[in-house]
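Structure first, then comments.
The values are calculated or read from the model by the stated rules, or taken from the named source; none is laboratory data. If you're wondering where the values come from, they're calculated on a predicted model, not measured in any experiment. Here the Cβ positions follow ideal geometry from the backbone for every residue, glycine too, while neighbour counts run over all protein chains shown.
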Amino acid sequence: MHNSATEPAISEARRLLDTVCDPEIPVLTIADLGILRDVRLQENGALEVVITPTYSGCPAMNAIEVNIRAALQEGGFDHVTVTTILSPAWTTDWLSAEGRDKLQKYGIAPPAEGSMDKKALLGERRALVCPHCGSANTEMISQFGSTACKALFRCLDCLEPFDYFKCH
């Protein structure tokens, strides 16, 4: 159902969804993260929100779905359907430029654009820029950081630890 009467409703729904943040990285909205795929009105008048998880076992998806419903219902959308799609699989390339900036300012090194991180598989060192001081003199401490989608690094200049959002 796409006509001029639905556009204001879709715009309002997207505005409300801009308040829904990722529970694991609260500075990122679901739009920044790229997991918000579509918002549309169904023939029966229900609002459908289409999301793709960062990975199929992401524990935050249940909380995100609850938060989506709450934000939209508080905004006057009584009939909300949240549809999860797994294909195409989410990729860090879907992170918005604003989302990458927010990660950096939050102290998480954003993923490199347009490439999968295969260096760890080959035993090669990945050079990352420290989000605290800007130094590229960093080392990986662990493949797994505060969540499964992040790796733990340390800056060898300022000695601060930081997460790196892994490429998918």
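Of note:
- Hey, ILE51 touching a residue at least 40 places away in the same chain (Cβ under 8 Å) and outside the structural domain of SER135 (by TED's automatic domain parsing) or not: no
- Looking across the stretch 1-38, the residues that are surrounded by fewer than 18 Cβ atoms within 10 Å (Cβ to Cβ) and of a type in the set (Val, Ile, Thr) come down to THR6, ILE10, THR19, VAL27.
- Condition met for ALA136 (at pLDDT 95 or above, of a type in the set (Gly, Ala, Ser) and surrounded by fewer than 19 Cβ atoms within 10 Å (Cβ to Cβ)): no
- Filter result (in contact with a Phe, Trp or Tyr (Cβ under 6 Å, 6 or more places away or on another chain) and either in the same structural domain as ASP101 (by TED's automatic domain parsing) or in a helix (DSSP H, G or I) (or both)) within the stretch 17-39: none
- Filtering LEU72, LEU86 for residues that are among the hydrophobic types (A, V, I, L, M, F, W, C), assigned by TED's automatic domain parsing to the domain that holds GLU48 and modelled with pLDDT under 95 leaves a single hit, LEU86.
- Odd one out for LEU17, checked against (1) without any contact (Cβ under 8 Å) to a residue 40 or more places away in the chain; (2) at negative phi: (1)
- Filter result for LEU28 (out of contact with any strand residue (DSSP E or B) (no Cβ under 9 Å at 6 or more places or on another chain), at pLDDT 95 or above and not polar (S, T, N, Q)): no
- Within the stretch 70-110, the set of residues being free of Cβ contacts under 8 Å to residues at least 24 places away in the same chain and aliphatic (A, V, I, L, M) comprises ALA70, ALA97.
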